[in-house]
1. Can you give me the number of residues within region 57-89 that are more than 25 Å from D190 (Cα to Cα), of a type in the set (S, T, Y) and within 16 Å of the chain's Cα centre (by Cα)?
2. Just to be sure, is A151 within 21 Å of the chain's Cα centre (by Cα), among the aliphatic types (A, V, I, L, M) and farther than 18 Å from V86 by Cβ?
3. Could you say whether any residue in region 193-209 is out of contact with any strand residue (DSSP E or B) (no Cβ under 6 Å at 6 or more places or on another chain), assigned to a loop (DSSP other than H, G, I, E, B) and either open to solvent by less than 60 Å² (accessible area, probe 1.4 Å) or not basic (K, R) (or both)?
4. Please state which of the following conditions D27 fails to meet, knowing it meets all the rest: (1) within 17 Å of the chain's Cα centre (by Cα); (2) modelled with pLDDT under 95; (3) more than 25 Å from M172 (Cα to Cα).
5. Across region 45-64, what is the total count of residues that are touching a residue at least 24 places away in the same chain (Cβ under 8 Å) and exposed (fewer than 15 other Cβ atoms within 10 Å of the Cβ)?
6. Of everything in region 83-117 that's within 22 Å of G150 (Cα to Cα) and open to solvent by 40 Å² or more (accessible area, probe 1.4 Å), which residue is modelled with the lowest pLDDT?
7. If we scan region 197-208, do we find a residue that is of a type in the set (A, V, I, L, M, F, W, C) and at positive phi?
8. Could you give me the residue pairs with C-beta distances under 6 Å whose first residue belongs to region 65-93 and is under 26 Å from E205 (Cα atoms), whose second residue is open to solvent by 60 Å² or more (accessible area, probe 1.4 Å) wherever it lies, and which are 6+ apart or on separate chains?
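The values are calculated or read from the model by the stated rules, or taken from the named source; none is laboratory data. Computed from a predicted model, the values in this text were never measured in an experiment. Cβ: placed from backbone, ideal geometry, glycine included. Neighbour counts: every protein chain shown. Quick note on the areas: whole protein, heavy atoms, side chains included, nothing else; ligands and nucleic acids left out. Shrake-Rupley method; radii C 1.70, N 1.55, O 1.52, S 1.80 Å.
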Amino acid sequence: MSKMKKLYFLFSFLMATVIGLSSCESDDSLTNEPPAQEYIDKAKEILVGDIVLSTRATMSGVDKTLLESGCPTKFSFTWREDGMMVLDLSDFTVGAMPFAITFRCATKFMQLNSWEKDEYPGSGWVKFVGTDGNVTTSGDDAADNQEGSGARVDGFLNVDTKQVEFIVDYNMMNVRTETFLQTIDPTRIDRFEEEFAQYEKDLEEAKKEQGKN
């Protein structure tokens with residue numbers, strides 16, 4: 001290989017590296033950038049009050065909800081004056097979970113980075129992230145966050161289609177709740193008791209079929 005070609009390839013490699021690092025830095029900075037205010041305004045109209053969503057609960061990777069359709073779960077969403085959205089899940093327990101969990105966490109809305117845009121194509125998408133959520137098994141502590149808890153929520157919302165999904169990692173006994181991608185139906189709150197009662201019946205049937213206690 002001639003000296004000129006070697007220099008050309010070296011230059012190309014350096015440029016690719018610089019561009020790659022620049023892209024990573026751009027994504028990192030973008031992660032901390034809030035979305036357009038119109039997206040936030042729409043999110044405040046969608047994620048507010050009590051909302052019923054289908055959720056799967058896992059312990060150490062084992063699905064405790066058993067049913068493919070998940071468990072109807074009531075979440076509460078409120079907004080603080082500082083613009084943070086608080087996600088609240090009170091006294092959650094399903095199947096063979098040995099205790100009920102209450103979780104509260106203040107979340108921040110952000111733009112999607114480049115690879116997230118590939119995973120969630122189209123307009124209207126925003127993400128919300130909360131760290132050090134407050135996890136209790138008594139339900140008495142109403143604080144939004146607990147420093148050093150390690151519990152977190154990572155979610156995505158489309159403010160145009162009202163689709164949402166998020167994962168809550170409680171950092172406790174490997175328990176997670178996974179609210180898979182679905183369209184928010186505000187009328188489900190009116191049928192929550194009926195939906196949950198049906199879920200419990202279906203759960204018992206599933207346990208019998210799978211030979212579980």
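1. 1
2. no
3. no
4. It fails just one condition, (1).
5. Residues in region 45-64 being touching a residue at least 24 places away in the same chain (Cβ under 8 Å) and exposed (fewer than 15 other Cβ atoms within 10 Å of the Cβ): 5 in total.
6. Within region 83-117, the match that is modelled with the lowest pLDDT is P98.
7. For region 197-208, residues of a type in the set (A, V, I, L, M, F, W, C) and at positive phi: absent.
8. Final answer for the pair search is L67/D202; K74/D50.
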